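For reference, the structure discussed in these notes is given below.
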């Protein structure tokens with residue numbers, strides 16, 4: 001008996017909930033209207049099935065396009081910009097390495113000039129002076145015996161001195177070329193930084209753009225900028241780095257060659273540092289003797305009359321002084 005009562009109560013509860021649900025649905029369909037207004041029966045709007053195609057299409061907005069596709073492009077752009085940053089980091093590391101190479105070349109030259117006892121530029125000036133002295137020997141100008149001796153010895157080693165001058169010029173040119181390469185490096189790094197800045201702006205534009213077609217255009221521009229930065233990185237790590245290494249090696253070769261030529265000249269009793277001083281000393285050591293001047297008869301007469309004439313002039317001066325003195 002209790003079981004039957006339970007079943008009846010449960011059934012009544014179910015029926016009551018169904019009635020309440022139907023009443024609520026009717027309230028939603030039939031909205032309350034103002035009194036006095038003509039009641040117009042309302043109908044349910046027909047539900048249309050819209051085919052959006054792949055992804056989610058924006059409707060009735062100024063910049064249409066596929067938002068999902070745009071999201072994919074933005075994620076690709078994010079990875080692209082991270083790659084650009086990695087390349088930029090590589091470029092900056094390469095810059096440090098090449099600056100160290102330039103510093104190494106400066107150290108090579110400083111040690112070289114210290115080891116040979118010359119200042120930079122001094123050796124080249126001395127060689128020019130000695131070569132000019134050799135040429136003077138063949139011009140047949142007035143020379144002392146010591147000058148002729150020194151210049152004859154220099155002439156015997158004219159070829160070595162000329163080669164020494166050529167090596168010094170090449171070494172100076174290479175040093176200047178390294179300065180030019182450093183400027184080229186700075187210009188390329190500045191250009192790479194500008195490309196990275198432009199790529200960052202395009203990445204921000206993609207993030208603010210709704211149209212996937214416009215976002216795709218920005219992405220392609222980012223890709224071109226990425227290739228430019230990559231090309232600069234390849235140039236710095238490739239051709240430019242090889243050029244720095246080649247010039248530095250050549251500088252080492254020329255410094256070694258110049259030292260060897262200086263040693264050869266020293267063994268031949270030609271000390272370039274003191275050679276110019278010796279030439280100057282030899283030039284003034286023996287002055288050419290002047291030929292005696294032949295006296296004429298007029299010179300002889302002038303000597304005879306010189307003393308009496310001076311006495312007459314003195315006497316005249318004494319007389320005039322007395323006269324002028326009396327007048328005063």
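The figures follow:
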{"read-out": "Projected label distance in nm at residue 268 and residue 68, using a 7 Å step from Cα toward the beta-carbon", "value": "8.8 nm"}
{"read-out": "Calculated FRET efficiency for the pair residue 177/residue 259, C-beta based, R₀ 30 Å, to 0.05", "value": "0.90"}
{"read-out": "Gyration tensor (alpha-carbon) shape descriptor, region 67-285, a/c threshold 1.5", "value": "prolate"}
{"read-out": "Cα→Cβ-extended label distance, 7 Å offset, between residue 82 and residue 243, nm", "value": "3.5 nm"}
{"read-out": "Using a Förster distance of 51 Å, the FRET efficiency for residue 250-residue 75 (Cβ separation, nearest 0.05)", "value": "0.55"}
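Every number here is computed from the coordinates shown, using simple stated rules; none is lab data. All figures in this text were calculated on a predicted structure; none of them were measured in a lab. Cβ coordinates were reconstructed from backbone atoms using ideal geometry, including for glycine residues, and neighbour counts include every protein chain displayed.
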